[in-house]
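Here's the structure we're looking at; comments come further down.
The values are calculated or read from the model by the stated rules, or taken from the named source; none is laboratory data. Only a predicted model underlies this, so the values are computations on that prediction, with no experimental measurement involved. For neighbour counting, all protein chains shown are included, and Cβ atoms are generated from backbone atoms with ideal geometry for every residue, glycine included.
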Ligand code: SF4
Ligand code: SF4
């Protein structure tokens, strides 16, 4: 249903007169006269989305419902999962099809640029994505004569930045481009998804389209023509559009009646005060009451400290090669044949259609995440640079942003090819993307949407972090976005340094006080000097000491129920990453896992009602055991079936998405399980057990890993060794 109460709006059963709908004005991303504009940095990313807005249709039809209503609801939910403000469906009106399709002029330049771009990624299946990308750019899409239906996505913008607002110099006249870019990402992913289900579908964006987006928005009930322009009753004109046309039969929505004829009840007390609706008059305009540079959450209220709340022995942190990443190890056969099979070609992501659809864009963006800096360097004082980066990131849609140094010890020792990394940048912009509360509510954490929850956040960072990196390069500085597909820094310590969270029991997951552990991160490294943030202390160490819920609920038993210990120079609750990766890659009842995030008491919706919990958890350390128990007693972290929108389909041997073979993971809380540290057998692979840096097998020695876990010591013991010179 989305977050706006669109069900209150009046609709019409007849087709409105489309002759009065203004023609859609294509978006242009080239502003050579204004090199500081963020619009320039968005250009290549938008062109990349345009390059993959069409593609191969799966030869095997998926076993999805035939009911057009169920299909429309499913696709709308997917759109809302991807943060669309409003999604509508319609039959494709002939008048909306353009006689001459709108082509993005940047596509040709992109095709040329890609000839020279290289990647060093170890990500499985990237070769397939690259081959497909070249085909896709070379082959112009055919006509959409046989498309019958359309899905239209409206993305809303926050308020327009004020003329003299701190950090917003790059954002002038860029609102349409921002919303258009976000809408394009979703339309491109969902069109790919429909094609994976076996039905032709094409995305249409603000820069590259075969249809008039304005006409589709009116017919699909997203907007009406008011004073010569398009307007939504709740959002007004603050939006951008993208659409999909397809042969996939879906139930159409009805067009809205003009604003004058809308009932007053649609704007009554419930809309004004928000009774039962996520979006209402009081919160309808994002950032209405906050500066962009500060972010949407009250980060300024957090206690800042000089050092992270967990000990890091920076001079002795052991750098490991990129090849030590567990998914790389699985892929090269270090963890045995079944895991190698599960990881081959990125099978863990391919086996669910939503994540497979996201992965195409994710792979394509790898080619854009690094590049040459412009010849002319724009001088920026460090504070101004930090403000510009933060305000722009928040305006684009990042959920939390922090800036820190990027010390050498946060870099891998060797890259994906086995070459030594000589850290090229000393500044880091760490960015957090929320995985989304609504879908997490309906999920078990390890079912058939789990992998898409991660991918959605990874993809959003690849896009927004990539735009930030490109912007910095446009100003003459070196910058690289480190994404899930291709990254050369360890992100958790950078998140700690940038004040984006504290170490949690989950292990390598940094927990943010406003988003909980329900996040994915990405980092942009650069040589642009910026003012740094400081680490935060919101009492999480005490909380996690008193709470064991993630360890209890982890289906693989990977999370320690014991104390924090020293690992590679970091004090953390070290989890058994091998157990976790094995479960994520091989689970048969779903695809991947994030159950620890789902069940954590800090997995909060962000409601006002949760304020007392957050306040008590942050200010009264002694309350942690009670709060953790209360969370259990309220059944938080269990399944909410109302929120389940996805289909339990699994890739079969013939390439089709058919009903999942094994029973679907749908776990309830294990409140009676009394997990004891002494009953756990955990393994770790510190630097001395890390593989060589090259892309060849290096079998894991689990016995040695178990011994290594047992040999880990507390930070206090470790510090004594440092003092005595025995480390
Ligand atoms: Fe799942 Fe791994 Fe978290 Fe355990 S630690 S709940 S296996 S993601
Ligand atoms: Fe910490 Fe409890 Fe969350 Fe685990 S579930 S990360 S122990 S608060």
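Here are the numbers for this structure:
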| quantity | calculated |
| --- | --- |
| Any hit, the stretch 77-98, residues being part of a loop (DSSP other than H, G, I, E, B) and under 19 Å from residue 21 (Cα atoms) | yes |
| Test: residue in the stretch 449-462 that is touching a strand residue (DSSP E or B) at 6+ places or on another chain (Cβ under 9 Å), at pLDDT below 95 and over 23 Å from residue 538 (Cα atoms) | no |
| Any hit, the stretch 405-423, residues being more than 16 Å from ligand 2 (Cβ to nearest atom), crowded, with 24+ Cβ neighbours inside 10 Å and in a loop (DSSP other than H, G, I, E, B) | yes |
| In the stretch 552-561, the residues that are surrounded by fewer than 21 Cβ atoms within 10 Å (Cβ to Cβ) and more than 12 Å from ligand 2 (Cβ to nearest atom) | 556, 557 |
| So residue 572, is it modelled with pLDDT of 95 or more and under 26 Å from residue 327 (Cβ atoms) | yes |
| Residue tally, condition over 28 Å from residue 82 (Cβ atoms), away from ligand 2 (no atom under 12 Å from the Cβ) and touching a helix residue (DSSP H, G or I) at 6+ places or on another chain (Cβ under 8 Å), over the stretch 597-629 | 3 |
| Only listed residue being without any contact (Cβ under 8 Å) to a residue 24 or more places away in the chain and either surrounded by 24 or more Cβ atoms within 10 Å (Cβ to Cβ) or within 16 Å of ligand 2 (Cβ to nearest atom) (or both), chosen from 572, 536, 510 | 510 |
| Test: residue in the stretch 190-202 that is under 17 Å from residue 42 (Cα atoms) and touching a residue at least 60 places away in the same chain (Cβ under 8 Å) | no |
| Tally, over the stretch 502-537, of residues that are away from ligand 1 (no atom under 16 Å from the Cβ) and modelled with pLDDT of 95 or more | 18 |
| Single unsatisfied condition, residue 682 versus (1) closer than 26 Å to residue 577 by Cβ; (2) surrounded by fewer than 18 Cβ atoms within 10 Å (Cβ to Cβ); (3) in contact with a helix residue (DSSP H, G or I) (Cβ under 9 Å, 6 or more places away or on another chain) | (2) |
| Verdict on residue 463 being in contact (Cβ under 8 Å) with a residue 60 or more places away in the chain, in contact with a helix residue (DSSP H, G or I) (Cβ under 9 Å, 6 or more places away or on another chain) and surrounded by fewer than 24 Cβ atoms within 10 Å (Cβ to Cβ) | no |
| Those residues of the stretch 28-54 which are within 24 Å of residue 152 (Cβ to Cβ) and surrounded by fewer than 23 Cβ atoms within 10 Å (Cβ to Cβ), in sequence order | 28, 52 |
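Listed here are the residues, each with its yes/no results for (1) assigned to a helix (DSSP H, G or I); (2) under 24 Å from residue 548 (Cα atoms); (3) within 16 Å of ligand 2 (Cβ to nearest atom).
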| site | (1), (2), (3) |
| --- | --- |
| 429 | no, no, no |
| 440 | yes, yes, yes |
| 464 | yes, no, no |
| 469 | yes, no, no |
| 473 | yes, no, no |
| 481 | no, no, no |
| 486 | no, no, no |
| 496 | yes, yes, yes |
| 500 | no, yes, yes |
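Residues are listed down the side, and each one gets a yes or a no for (1) more than 22 Å from residue 212 (Cα to Cα); (2) touching a helix residue (DSSP H, G or I) at 6+ places or on another chain (Cβ under 6 Å); (3) surrounded by 15 or more Cβ atoms within 10 Å (Cβ to Cβ):
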site	(1), (2), (3)
102	no, no, yes
129	yes, yes, yes
133	yes, yes, yes
144	no, no, yes
148	no, no, no
162	yes, no, no
165	yes, no, yes
172	yes, no, yes
178	no, no, yes
